[in-house]
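The values are calculated or read from the model by the stated rules, or taken from the named source; none is laboratory data. Owing to the predicted nature of the structure, the values given are computational and were not obtained by experimental measurement. Here the Cβ is made from the backbone with ideal geometry for all residues, glycine too, and neighbour counts use every protein chain on show. Side chains included, ligands, DNA and RNA excluded: accessible areas come from the protein's heavy atoms. Shrake-Rupley method; radii C 1.70, N 1.55, O 1.52, S 1.80 Å.
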Amino acid sequence: MSLSRGSRWNYTPPLPIRSAPFLHWPLDPGATLRHLLRSWGPLTARVTMLAFALIFWRWLSPSIETTATLSLGWIAAVWARNFSVMLIVAGGLHLWLYRVRRQGDELRYDARPLATNKRIFLFRDQVLDNMALSLGPAVLVWTAAEVLVLHGYGRGWLSLTSFDSNPVWFLAFILIIPWWSVLYFGVGHRLLHIPGAYRKVHSWHHKNVNVGPWSGLAMHPIEHLVLFGDIFLLFLVPSHPIHLYFMVLHHGLGAPLSHTGYDAVILPGGLKFRVGDFHHQLHHRFLECNYGGLESPLDEMLDTFHDGTADGDAHMATRRAAIRKATQ
């Protein structure tokens, strides 16, 4: 375990953290290949989301013919599926990590308890507040995004493709979607930190200085619209419902998984399911850093990359002081 001085982290991954090797020049093909193999490993959030996308398409979705006509029946079924998945995944992680506490604080970034009896939260409770926002407006916007694209497929407004008709593009787009999601998220997230947008919208999410699985989608409904807005890409390029599900699951499941507050869930036999995101955990503590993800060049372009070290802490303190001075 490596700790930055004075940061009070309970656990960190090896420091300094670095952005993806394919963002650095000269390109290191070996490091890039190892990064891609790790990010697409069997016990990763990325492969889990793709598995859910395949399950959605095979068993839990209306046919394209059905979606050509808007009707309460199939729309309600999509909402019920998304609500159930959110409840099972975020609720299951919270139960395992924070209620049953099967691994205690092992691999937990910040060991402080989640907030209770705080007026800033609905019901004065962080978990109840987060659950209400995640199961309420988050699932509604997630469902609306799916319905919009599925109806577009059914009416012929969007260009459909398939593995049989274009296997190269079908597989290539699956590889592109995670990077697209990171790039889109970083830009939208940075815009939400503009003072007016932050004060009225994004500050809802930042009530969660320390995070748990329910915190990932605990945000203002306008931010849900921004977050799931990356589906506009599907109006521009040929796609398949599997691509749609994989894209929306980067938020619907990706947010709870990345906000667990733990680096991994320890499975029987000592296997580790990689969840959490220390890069983003730093953002929740220091605010004006790490707007994007490790596969985005945004933070290094803006000089807002916090690598988790004591030097990174000092750099962020200087940056925040400059921001406060500029806004006074």
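Once you have the Kirkwood Rh of segment 23-128 from its Cα pairs, apply Stokes-Einstein at 25 °C and 0.890 mPa s and quote D in µm²/s. My calculation gives 135 µm²/s for D.
In this structure, the amide hydrogen of Ala264, modeled 1.01 Å from its nitrogen in the peptide plane, lies closer than 5 angstrom to those of Val275, counting only residues at least 5 positions away or on a different chain. The HN-Hα couplings worked out from phi for segment 187-195 by the Karplus form 6.51 cos²θ - 1.76 cosθ + 1.60 (θ = phi - 60°) are 5, x, 5, 5, 5, 6, 8, 4, x Hz, whole numbers, x standing for Gly and Pro.
Dipole check for the chain: with +1 at the C-beta of Lys and Arg, -1 at the C-beta of Asp and Glu, and the Cα centre as origin, the magnitude is about 920 Debye.
The order of Val226, Val147 by accessible area, most exposed first and with a 1.4 Å probe, is Val226, Val147.
Which entry in (i) 18.3; (ii) 17.1; (iii) 20.2 is this structure's computed mean projected area of the Cα convex hull in nm²? Here mean projected area of the Cα convex hull in nm² agrees with entry (i). Segment 147-200 and segment 38-116 have Cα centres spaced 18 Å apart.
The candidates Val275, Val100, arranged from most to least accessible area with a 1.4 Å probe in the full protein assembly, appear as Val100, Val275. Loop-located chymotrypsin sites (Phe, Trp or Tyr not before Pro) across segment 31-94 with a Cβ neighbour count of 15 or fewer within 10 Å are Trp40, with loop assigned by DSSP. Expressed as a whole percent, the accessible area of segment 156-310 that falls on carbon and sulfur atoms is 71 (1.4 Å probe).
For segment 183-253, a Kirkwood radius taken over Cα pairs fed into Stokes-Einstein (25 °C, viscosity 0.890 mPa s) yields D = 185 µm²/s. Loop-resident trypsin sites (Lys or Arg not before Pro) (DSSP state other than H, G, I, E or B) in segment 100-147 with no more than 14 further Cβ atoms inside 10 Å of their Cβ: Arg101, Arg102, Lys118, Arg119. Would you kindly give the portion of the calculated P(r) for segment 188-328 that falls above 26 Å, as a percent of all Cα pairs? It works out to 31 percent of all Cα pairs.
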